[in-house]
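Below is one structure, written out as structure tokens; the observations come after it.
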Amino acid sequence: MNKQMIKDSLILFAITLIAGLLLGGVYAITKDPIAAAQERKKQEAYQAVFSDATGFEAVEADIENASDVLAKAGYEKYAIGEVQLAVDDAGNALGYVMTVTSMEAYSGELTIAMGIRMDGTVNGISFLTLNETTGLGMEAKNPEFYEQYSDKQVGAFVVKKGSASAENEIDALTGATVTSNAVTNAVNAGICYAQNLGLEGTEMGGGSDE
């Protein structure tokens, strides 16, 4: 190995080392603000789906067992991420908020926050992640779509092409049936898991039909 090769190797090593240190420094500086921003977004979503709650308390929910519960009900590609208790000023329980992730979205995954009252009524949903096709699946963020789930007490929602007429029917997004089903079954998975939280008025159900 000649001197030039040794010199070039040392320069390359130095550049790699400096780049690694800089990246590590940037990560150390930004990880806490990023985590704080993500937590703030989640809390805002919880408040959006349970506007009359004045606080949220951690719940000792068996998240690891949730996948088994959902799988038995036909929701193998859905996951419960977190469950918190929604309370009022006096500390009375109003219901639960939870995060539900679907692995059947058009883009692969989407995550919602949903609120469900003690009687099993879906209070509302809010998106934590949604990366569908612009003008198609991204239309799920429009109130005309996601408000269809609000204030409904059903065993499971079903997606319909055309005008929904029954309480449990959801109008599919035009040209985005995959997204419509992914969101709907994420809500259904949350309703399903609500039984494990001791709610009344909920029933186990399979995936939505079209």
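Coordinate-derived values only; no laboratory data. These numbers were taken from a predicted model, which means no experiment stands behind them. Cβ coordinates were reconstructed from backbone atoms using ideal geometry, including for glycine residues, and neighbour counts include every protein chain displayed.
By per-residue mean of other Cβ atoms within 10 Å, what is the highest-first order of 112-120, 188-196?
Peptide ranking by packing, descending: 188-196, 112-120.
Quick check: the angle from helix 63-72's long axis to the longest principal axis of the chain, C-alpha only, nearest 10 degrees?
60 degrees
Hey, what angle do you get for helix 177-194 against the long axis of the chain, alpha-carbon based, 0 to 90 degrees rounded to 10?
Orientation of helix 177-194: about 70 degrees from the principal axis.
Would you indicate which of (i) 1.01; (ii) 1.14; (iii) 1.17 is the value of Rg/Rh (Cα atoms, Kirkwood Rh) derived from the coordinates of this structure?
This structure yields the entry labelled (iii).
When you count, for each residue, the other Cβ atoms within 10 Å and take the mean per peptide, how do 172-185, 133-146, 40-53, 73-86 rank with the highest first?
Those peptides, ordered most packed to least, come out 172-185, 73-86, 40-53, 133-146.
May I ask for the angle, rounded to the nearest 10°, between helix 3-49 and the longest principal axis of the chain, with both axes built from Cα atoms and the value confined to 0 to 90°?
Approximately 20 degrees, to the nearest ten.
Can you give the calculated 222 nm mean residue ellipticity of the chain, where each DSSP H run of n ≥ 4 adds -39,500 (n - 2.57) and the sum is split over every residue, rounded to the nearest 500 deg cm²/dmol?
For the chain, the value works out to -13000 deg cm²/dmol.
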